[in-house]
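Asker: Below: one structure in structure tokens.
The values are calculated or read from the model by the stated rules, or taken from the named source; none is laboratory data. Remember, predicted model here, so these are calculated numbers, not experimental data. Quick reminder, even Gly has a Cβ in these numbers, built from the backbone with ideal geometry, and neighbours come from all protein chains shown. Quick note on the areas: whole protein, heavy atoms, side chains included, nothing else; ligands and nucleic acids left out. Shrake-Rupley method; radii C 1.70, N 1.55, O 1.52, S 1.80 Å.
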Amino acid sequence: MQDELIAWYKQHHRVFPWRQDSNPYHIWISEIMLQQTTTEAVIPYYQRFLEAFPDIISLAQASLEEVYKLWEGLGYYRRAKYLHETANIIVEEYDGRFPTEYEDILSLKGIGEYTAGAISSIAYGNPTPAVDGNVLRIMSRVYLLKENIASSKTQKQIYEIVKELLVGKDASSFNQGLMDLGAMICRPRHPRCQQCPLRFDCQACQQHQQEVLPVNIKKIRHQEQSYITAVITYQDRFLLLKNKEGLLENLYGCVQYELESPYSFVEQFQRDFHADLKICSFIKDIKHVFTHRTWFMHVYHFELLKEMDNMYTLDQIKELPLSTAHMKVLHAYLKEE
């Protein structure tokens, strides 16, 4: 089965810029970007990122704000923060060379078992599993595993299966073959079994269970939050604050409060900033969805009676790392204007 998959991968693999070499820095950047993001969306970000930071040392020497600006629009900004922190760790502890041992890679910030396995196998050829959603789905079908792949017990079982399959094989091609097979053939719904190199090995295919498996039932607690979100201006400048911590840490955004009235917003703003606001107009309601949380932003335009710190022109805003949610807010205001 391994040989069939590897032969299929070498003939049919997808072409991506990060597959042009086995540089661990390139693979690391791509794998972090690909977390929660499609390959099509990642390609231009990956190319711009490497133009700005061609190696680990240049990334470590950059400011976090520069890194965030290049990340703008990719979301999940903690990934960018961890990239920057990890680059500095590699410079300090590994003389700027990406570590070669799996355990050392796994110890780096923002790198879990899948990412460590992918980097270790693709960059260095080590027989380390890289088990993501694609691999869980494929193995569930091939081995007719009827247990819930969202459970840690089933995931551990599949990890051990892949670990044995890698012994004595081309780990890089095998792991990347599973990635591509899951994306192109063994899809979540309506898998293309007739085109699959593993169709004669796949128990689900033989027993016509490929449309049933995998069982993938996740328990998700989703939070909804409602805000008064403010576009606050003084002449041609906008008030934007840098988030110190939390969901959008180190990104700039509008002031918002979990309140139900713009009049309550004015009172709260006065208490926090000792500055007076005039309510100008309601702009629109904007919904922004994160992975486990949804923001309902009721957007209003307010004017300051005098200028404050942290005021920016539109040209200056273009240079700031702005959260996607609040980028929507500013675009709505500018469109209204």
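Asker: Give me the percent relative contact order of segment 50-166, please, defined on Cα pairs under 8 angstrom at least 6 residues apart.
Answerer: Details: 101 pairs, mean separation 18.7, N = 117.
For segment 50-166, the relative contact order is 16 percent.
Asker: Just the Cα atoms of segment 231-279, one point each, no solvent: what log10 I(q)/I(0) does Debye give at q = 0.14, 0.24, 0.30 Å⁻¹?
Answerer: Here log10 of I(q) over I(0) equals -0.39, -1.04, -1.21.
Asker: If I take every Cα pair under 8 Å that is 6 or more residues apart in the chain, average their sequence separation and divide by the length, what percent do I get for the relative contact order?
Answerer: Contact order relative to length: 16 percent.
Asker: Of the cross-linked pairs K219/K318; K81/K278; K81/K306; K69/K284; K278/K318, which ones have a Cα-Cα span greater than 30 Å in the structure shown?
Answerer: Working: K219/K318 39 Å; K81/K278 37 Å; K81/K306 35 Å; K69/K284 27 Å; K278/K318 26 Å.
Violating the 30 Å Cα-Cα cut-off are K219/K318; K81/K278; K81/K306.
Asker: Among W28, S172, H331, which residue has its Cα furthest toward the positive end of the charge dipole of the chain, with +1 on Lys/Arg Cβ and -1 on Asp/Glu Cβ?
Answerer: It is S172.
Asker: Kindly express, to the nearest 10 degrees and within the range 0 to 90, the angle between helix 39-52's C-alpha long axis and the longest C-alpha principal axis of the chain.
Answerer: Roughly 70 degrees, rounded to the nearest 10.
Asker: Any idea what angle helix 171-184 forms with the longest principal axis of the chain, computed on alpha-carbon atoms, 0 to 90 degrees, nearest 10?
Answerer: Rounded to the nearest ten degrees, it is 70.
Asker: Grab the Cα-Cα distance for E93 and E224, subtract it from 0.36 nm times how many residues apart they are, and report the gain in nm with one decimal.
Answerer: Numbers: separation 131, 0.36 × 131 = 47.16 nm, distance 4.17 nm.
Using 0.36 nm per residue and subtracting the Cα-Cα distance, I get 43.0 nm.
Asker: Could you size up the charge dipole of segment 35-114 around its Cα centre, putting +1 on the beta carbon of Lys and Arg and -1 on that of Asp and Glu, and report it in debye to the nearest 20?
Answerer: Approximately 340 debye in magnitude.
Asker: Add +1 for every Lys or Arg and -1 for every Asp or Glu among the other residues with Cβ under 12 Å from the Cβ of Y94, and state the total.
Answerer: Numbers: positive: R97; negative: E92, E93, D95, E101, D104.
For residues surrounding Y94, the net value is -4.
Asker: May I ask you to compute the full-extension gain from F200 to A62, defined as 0.36 nm times their residue separation minus their alpha-carbon distance, rounded to one decimal in nm?
Answerer: Residue separation times 0.36 nm, minus the Cα-Cα distance, leaves 44.6 nm.
Asker: Another one. So, counting K/R as plus one and D/E as minus one, what does the shell of residues with Cβ under 11 Å around F16 add up to?
Answerer: It works out to a net charge of 0.
Asker: Let me ask something else about it. For segment 24-82, with all protein chains present and a 1.4 Å probe, just round the carbon and sulfur fraction of the accessible area to a whole percent.
Answerer: C and S atoms contribute 53 percent here.
Asker: With the other protein chains left in place, how much accessible area per residue, in square angstrom, belongs to the chain at a 1.4 angstrom probe? Kindly include the intermediate steps, with their values, before the conclusion.
Answerer: Values: 17610 Å² over 337 residues.
Heavy-atom accessible area per residue stands at 52 Å².
Asker: Could you work out the local net charge near Q268, counting Lys and Arg as +1, Asp and Glu as -1, over the other residues with Cβ closer than 12 Å to its Cβ?
Answerer: Here the charged neighbours net out to -3.
Asker: Then there's this: Can you show me the helix-derived [θ] at 222 nm for the chain, built from DSSP H runs with n ≥ 4 at -39,500 (n - 2.57) apiece and divided by the number of residues, rounded to the nearest 500.
Answerer: Computed ellipticity for the chain at 222 nm equals -13500 deg cm²/dmol.
Asker: Report in % the part of the accessible area of segment 211-337 that belongs to carbon and sulfur, leaving out ligands and nucleic acids; probe 1.4 Å.
Answerer: 46 percent
Asker: Estimate the FRET efficiency between Q36 and Q270 by the formula 1/(1 + (r/R0)^6), using the beta-carbon distance for r and 41 Å for R0, to the nearest 0.05.
Answerer: On the way: r = 39 Å, r/R0 = 0.94.
Computed FRET efficiency for Q36 and Q270: 0.60.
Asker: Extent of segment 1-123 along each principal axis, from alpha carbon coordinates, in Å, largest to smallest?
Answerer: Result for segment 1-123: principal-axis Cα extents of 46, 31, 21 Å.
Asker: Taking the Cα centre of the chain as origin, sum charge times position over the Cβ atoms of Lys and Arg (+1) and Asp and Glu (-1), and report the length of that vector in debye to the nearest 20.
Answerer: 1300 debye
Asker: Tell me the angle of helix 262-273 to the major Cα principal axis of the chain, expressed in degrees between 0 and 90 and rounded to the nearest ten.
Answerer: 90 degrees
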